[in-house]
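Just below is one structure, and these are the notes that go with it.
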Amino acid sequence: MKTGLVLEGGGMRGLFTAGILDVLMENNVTFDGVVGVSAGATFGCNFISHQIGRVLRYNMSQRKNPKFMGIRSLIKTGDYVGGEFSYHILPTKIDVFDFETFEKNPAEFHIVATNVRTGEAVYRRLDKIDYTGMEWIRASASMPIISRPVVIGDLTLLDGGIADSIPLKYFENEGFTKNIVILTQPKGFKKKLTKLMPVFKATMRKYPAIIEGMSKRHLMYNQELEYITQQQEEGKCMVICPSDTLPIGRTEQTPKKMQFVYDMGRKAGEENLETIRNFIAK
């Protein structure tokens, strides 16, 4: 039996996930593997490197840095989240990522991206985080419209949430049979067709598979929620989600809101700690 963590994305809503992960690390709760999508990948890698507090810390400290995230970065580089600064300078020189601990950790780390040519999910297991590894994580979190596609080898990639927002089924197929699924939307949430479809059609003309994927994303997402509910009812997974809609936008950097959402995650982690331990111990 392999235990796993399945981490949904959601931009800055991922601070809820970060709060839970910090509580798990503080209490030495480990898993055999983690799969993250978008923010679930960018924040989840810190669980493997065992860096408690790093996610909130660098988001707080860098929030005013135009190279980190914002309209100035989007205008200057084509990426709302600065690709070179956020994924290569920050983790190597400013708030250093623990590459060594990541590599020594026996837990597997998987990410999900979307192939812009086909619209299909691309899954990648990262056993170490080097320059290319960081590019895979960047690809997983590169939201269309506000990010340039990321080219890795012969693949051109964007946000994994387009093709597989909550990859529980993927992880089960990889042999992880006891999974904790952390969502960033509350119980009962149903995704609707995005109102930004005209913008997607205008800006993604080169990538019709992405346009099609975004037009059907709400259907895929809701089907995944139904599958997760079914697995939960059968005792095959455990779900942790916010008690209410998280009061923060995908790219919002208001300190009080970031801290509040992170604290919501910590509270959820603390409240579910013993249940998580019991679930993965069975």
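The values are calculated or read from the model by the stated rules, or taken from the named source; none is laboratory data. Nothing here was measured: the structure is a model prediction, and the numbers come from that model. Reconstructed Cβ throughout: ideal geometry from the backbone, glycine too, with neighbour counts over all protein chains shown. Quick note on the areas: whole protein, heavy atoms, side chains included, nothing else; ligands and nucleic acids left out. Shrake-Rupley method; radii C 1.70, N 1.55, O 1.52, S 1.80 Å.
Here are the numbers for this structure:
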{"item": "Per-residue [θ]222 nm for the chain (sum of -39500 (n - 2.57) over DSSP H runs n ≥ 4, rounded to 500)", "result": "-13000 deg cm²/dmol"}
{"item": "Over 29 Å (Cα to Cα) - which of K187/K216; K104/K282; K201/K256 fall in this group", "result": "K201/K256"}
{"item": "Additional length obtainable on full extension of the chain from M1 to E270, 0.36 nm per residue less Cα span", "result": "94.4 nm"}
{"item": "Accessible carbon and sulfur surface of the chain relative to its total accessible area, %, 1.4 Å", "result": "52 percent"}
{"item": "Model label zone, N278; criterion: amide N under 20 Å from point 7 Å along Cα-to-beta-carbon; scope the range 223-254", "result": "231-241"}
{"item": "Share antiparallel - DSSP beta bridges, the chain, percent rounded to 5", "result": "40 percent"}
{"item": "Between the range 19-97 and the range 109-188, the alpha-carbon center distance in angstrom", "result": "15 Å"}
{"item": "Solvent exposure of the range 80-238 as accessible area per residue, Å², 1.4 Å probe", "result": "48 Å²"}
{"item": "Test item: Cα-centred dipole of the chain, Lys/Arg +1 and Asp/Glu -1 on Cβ, debye", "result": "1160 debye"}
{"item": "Accessible area (Å², 1.4 Å probe, nearest 10) - E252", "result": "50 Å²"}
{"item": "Mean separation of Cα contacts under 8 Å (6+ apart) over length of the range 88-192, as relative contact order %", "result": "23 percent"}
{"item": "For the range 117-256, convex hull volume per residue from C-alpha positions, Å³", "result": "145 Å³"}
{"item": "Neighbour cut-off at most 15 other Cβ (10 Å), DSSP loop, trypsin sites (Lys or Arg not before Pro), the range 58-114", "result": "R63, K64"}
{"item": "Within straight-line cross-link reach of K178, aspartates and glutamates at Cα separation under 12 Å, skipping those fewer than 8 residues along the same chain", "result": "D32, E234"}
{"item": "Ordering of 13-22, 263-272 by packing [mean C-beta count within 10 Å, highest first]", "result": "13-22, 263-272"}
